[in-house]
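Below you'll find the structure, written out as structure tokens, and then a few comments.
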Amino acid sequence: MLHNRTIPLILLSVSALILVALSQSYFAEMTPVRNAGRMRAAAELSAEWMGIIHSEKERRGLIPSHARYFPSEALLGEELTPLTTTLGSLDAKQVSVNPQFAAVMVRWITELGLDSTDVVMVASSGSFPGLAVSTLAALQVLNQRVVLLTSAGASSFGANQPEMTLLDMEHLLQLYGGLRFMPELVTYGCDNDNGEGFYEGGKEAVDSSARRNALTIRVPASLTEAVHERIALARHHRIRLLINIGGNHAMLGNCPHASLLPGGLNRTVPSCQHVERGAIERIAESGVPVIHLLNIKELGMQFGITDSHSSNERLYIGESPRPILSFLSLLFLSGGVLLLFRKPRFSDRESQS
């Protein structure tokens, strides 16, 4: 009877499924992920560049008291300075200075299939100097063409020390780290991207930083002008990817949907018709993908990056099931089914007559 075979069939099916699952996990073959070599190279370059900044800040007595003994934490700033634009989380900033984010950036950029002829726009505030360094390291390893936009304002614990702004860090890496990219647009940041809302002395601190690095600060008259200047640069260079680091006002605009933009790689960005939407949404409307780096602790958790010094080797290794085990599992199931449903032999029929 059919029902007499139901329980054995169920047991066979469960056993086969367990074997397939084991072949895809416990018995999986560990192999390097695509571009693992370039991912490692980017992380190593980012760590090297962070070491250069650490050495200079140590020499000048600028290591903040809350920075631990990990070199990358030298990139952290203070809680409140004249350059502080908004409040920020120390925990998030400690995660953001992990150089393995450079490996993550390589993974995302190569997933898009870009080559060295494609132009990438990087818009970075001073809020996450570690992510700025890691992003530029990834782009340098990939030999990408880059349009760099830098705003000097920074949230708490970012690059908010007047003596060592993000402009200073970039120049330091150009001098001693071989960084090939120069900022094409430099702004104050803060409200309307023109320095409105800085604490007393904030604009003066940015002016001093720009002078010692031979840079010119662009001061837009309004948020609208700041947004359209970025759009014009994106169109002029025909960019294929936009990378936003931090919460620059011109990039996010005043659209309430901007705060809902997911972190990481966004192949498309939901459209928003808010009249004061920022450059991210407006540039994305032309089909340009966006890598958005803002909610860093959440992004870090996705890739096993939970602190400034955590190291996740699984970033560079993928798992693939061993085909022979999957084949044997299916063969086992098929054979069991055939045995259960085979026609009875003559002697079997005779014994039942």
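FYI, it's all coordinate maths here, none of it is from the lab. The shown structure was predicted, so the numbers you read here are calculated from the model rather than taken from an experiment. FYI the Cβ positions are ideal-geometry reconstructions off the backbone, even for glycines, and counts take in every protein chain you see.
Between His236 and Glu48, what's the calculated FRET efficiency when r is the beta-carbon distance and R0 is 30 Å? Round to 0.05.
On the way: r = 32 Å, r/R0 = 1.08.
Result of the calculation: an efficiency of 0.40.
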> Tell me, what HN-Hα J-couplings in whole Hz come from the Karplus equation 6.51 cos²θ - 1.76 cosθ + 1.60 at θ = phi - 60° for each residue of region 199-215, using x for Gly and Pro?
Replying inline: 5, 4, x, x, 4, 4, 5, 5, 4, 5, 4, 5, 5, 6, 10, 6, 10
>> Over all directions, the average projected area of the alpha-carbon convex hull for region 128-206 comes to how many nm²?
In response: 5.3
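With Rg and the Kirkwood Rh both taken from Cα atoms, where does Rg over Rh land for region 244-290? Before the final figure, lay out each step's value.
Numbers: Rg = 9.4 Å, Rh = 10.5 Å.
Ratio of gyration radius to Kirkwood radius: 0.90.
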> Put a dot 7 Å past each Cα toward the Cβ at Ala221 and Asp191; how far apart are the dots in nm?
Replying inline: 1.9
>> Taking just the alpha carbons, could you work out the radius of gyration and Dmax for region 32-315, both in angstroms?
In response: 17.1, 52
> By average Cβ neighbour count within 10 Å, what is the ranking of 44-54, 270-280, 201-211, 100-110 from highest down?
Replying inline: 100-110, 44-54, 201-211, 270-280
> Where the Cα atoms of region 111-154 are projected onto their three principal axes, how long is each span, largest first, in whole Å?
Replying inline: 32, 16, 15
> Along the charge dipole of region 200-256, Cβ charges K/R +1 and D/E -1, which of Ser222, Gly201, Leu233 sits furthest on the positive end?
Replying inline: Leu233
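Using only C-alpha positions, report the orientation-averaged shadow area of the convex hull of region 214-254, nm², one decimal. Numbers along the way, then the final one.
Numbers: hull surface 15.2 nm².
So the Cα hull casts an average projection of 3.8 nm².
Could you calculate the contour length gain from Gln302 to Thr31, that is, 0.36 nm times the residue separation minus the distance between their Cα atoms, to one decimal place in nm? Don't skip to the end; give the middle numbers.
Working: separation 271, 0.36 × 271 = 97.56 nm, distance 2.00 nm.
So the chain would gain 95.6 nm between Gln302 and Thr31.
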>> Taking R0 as 22 Å, what FRET efficiency do you get between Leu112 and Ser286 from their Cβ-Cβ distance, rounded to the nearest 0.05?
In response: 0.90
>> Highest mean first, how do 221-227, 124-130, 71-77 rank when packing is the count of other Cβ atoms within 10 Å averaged over residues?
In response: 124-130, 71-77, 221-227
